[in-house]
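Heads up: the structure comes next, in structure tokens.
The values are calculated or read from the model by the stated rules, or taken from the named source; none is laboratory data. Remember, it's a predicted structure, so these values are computed and weren't measured experimentally. Backbone-built Cβ (ideal geometry, glycine too); neighbour counts: all protein chains shown. Only protein heavy atoms, including side chains, enter the accessible area calculation; ligands, DNA and RNA are left aside. Shrake-Rupley method; radii C 1.70, N 1.55, O 1.52, S 1.80 Å.
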Amino acid sequence: MNKKTLDNLKDIEGKKVIVRVDFNVPLDKNGNINDDNRILMALPTIKELLKKGAKLILLSHLGRIKKESDKATKSLKVVAEALNQKLDATVKFVDSTRGVAVDEAVKDLNEGQILMLENTRFEDVQNGEVVNYESKNNPNLAKYWANLGDIFVNDAFGTAHRSHASNVGIANNMKIAVVGRLIELELRMLNKVVNEPKRPLVAIIGGAKVSDKINVIANLLKIADKVLIGGGMSYTFFKSLGKEVGDSLVENDKLSLAKSYLDNDHAGKIELPVDIACVKEFADTKPTYRAIDNISSSEMGLDIGPKTVAKYKKIIESAQTVVWNGPMGVFEFKNFAFGTESICKTIANVGTDKLFSIIGGGDSASAAIKMGFHDKFSYISTGGGASLALLEGKKLPAIEAIHNN
Ligand code: AMP
């Protein structure tokens, strides 16, 4: 990697270091942290900087802020408390993103202490008006945050595909801007898929955000040996072939793109499910497994079936590298966790000594962790969108903004 890292920082004792972390953790209905993986993955950078005597100012977003009332459930205070429990250092929290309270708190910060500001995306809505200062990289906000410190460390891989004030904006206003240990690790791991995979390389794509993910298939068809489709993504492909998909999830404006992938896939890399768990309504009820030609117009498919699992298992077992983004079904319902759990089990049974396996961010990573497979993958990425962007062959703007070594 040609970017500056923590190794390039000298004499940081007593310096104010702004660290952009990704503390966008999933919260349950009561506002408690469901999965603290992203906090744990940020610890190496935080601990290293504290050990060197820095004063840390942490910035992160949490969820999306579209209206004033979203702020009530998206405060980072709960994360500051969780971080405090994981460190010997004091973690102070200020419930503002800029202004006098922030300035005072920064002034009071001592060596080896941490100050966490409120959710950076609170800047997106001001007095009920959507202004997107953080998300549209407002220059005044970027300058304000940059002026809080002497050095900038970006360690938020999960937002590295975005050009926001708290990553690109700050980096562009600092004399010293480096990446942290998590970003270094993520890039090293994803490089083993994108640039130097041991073959066969198998990509597994599922989930529900079809329009966000379908574009990645173009590049996967270049770099992978097989592309296994599952989850909600499958039905856009089936419908593009003229099949009945009932009420299953379909993105109609992506039908011709899906069809063009199939038409141009002369090497036969794309694999589609052969059977589907069908139900009459979106509920956690016992499904009927049907061959894909037998889905009725009054049903929807919420998981892959056992024949698909058997087919995908064979392909995964012959692979040397697997990259996976998006669950195979609505795993949140126990009746539709079968596909996702079976793929996890297959990867676990092959083992990380024979198979380099990465699961990419978001729901698929949470599913694997929740199902108890967290140590069965070679790597669980903290960034769904960012890892997809790398798989698409794109550059990540927040990493591009870091100074070259
Ligand atoms: P994504 O963020 O794109 O990875 O989507 C994750 C979501 O996809 C999960 O919440 C799953 O419940 C959902 N999902 C997976 N398969 C299906 C399906 N067949 N129909 C609807 N939603 C699905």
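Nonpolar atom fraction for the chain, defined as the carbon and sulfur part of the 1.4 Å probe accessible area, stands at 46 percent. Pair-distance distribution of region 180-272: all C-alpha pairs, bin width 5 Å, starting at 0; shares per bin in whole percent are 3, 13, 23, 22, 16, 11, 7, 4, 1, 0. In order along region 223-233, the Karplus-derived 3J(HN,Hα) couplings, from 6.51 cos²θ - 1.76 cosθ + 1.60 at θ = phi - 60°, round to 9, 9, 8, 9, 10, 8, 9, x, x, x, 4 Hz, and Gly and Pro are given as x. Under conditions of 20 °C and 1.002 mPa s, region 32-127 yields 153 µm² s⁻¹ as its translational diffusion coefficient, taking Rh as the Kirkwood radius over Cα pairs in the Stokes-Einstein equation.
Note that region 141-300, at 4 °C in a medium of 1.567 mPa s, gets a Stokes-Einstein diffusion coefficient of 69 µm²/s from its Kirkwood radius over C-alpha pairs. Here the Karplus curve 6.51 cos²θ - 1.76 cosθ + 1.60, taken at θ = phi - 60°, turns the phi angles of region 154-170 into couplings of 9, 10, 9, 5, x, 10, 5, 8, 10, 10, 10, 4, 7, 10, 4, x, 5 Hz, with x standing for Gly and Pro. When its C-alpha radius of gyration is set against 2.2 N^0.38 Å (N residues), region 197-391 gives a value of 0.94.
Distances between placed amide hydrogens fall under 5 Å for A177 paired with F152, H403, all partners being 5 or more residues away or on another chain. For region 180-195, putting each phi into the Karplus relation 6.51 cos²θ - 1.76 cosθ + 1.60 with θ = phi - 60° gives couplings of x, 5, 5, 4, 4, 5, 4, 5, 5, 5, 5, 4, 5, 9, 6, 10 Hz, in residue order, rounded to whole numbers and with x for Gly and Pro. Once Lys and Arg get +1 and Asp and Glu get -1 on their Cβ, which of V21, F282, I380 lies farthest toward the positive end of the dipole of the chain? Positive-end residue among those listed: I380. Put simply, the C-alpha atoms of region 328-387 give a gyration tensor, and the ellipsoid matching it has half-axes of 18, 15, 8 Å, longest first. Expressed in units of 2.2 N^0.38 Å, where N is the residue count, the Cα radius of gyration of region 6-184 is 0.94. The H on the amide N of N138, modeled in the peptide plane, is under 5 Å from the matching H of A165, each at least 5 residues off or on a different chain. Annotation: per residue accessible area for region 293-375 equals 40 Å², rounded to a whole number [probe 1.4 Å, protein chains only].
Residues whose amide H falls under 5 Å from that of E392, counting only those 5 or more places apart or on a different chain, are absent, with hydrogens built in the peptide plane.
What is the percent of Cα-Cα separations in the chain that go past 25 Å? In whole percent, the long-distance tail amounts to 58.
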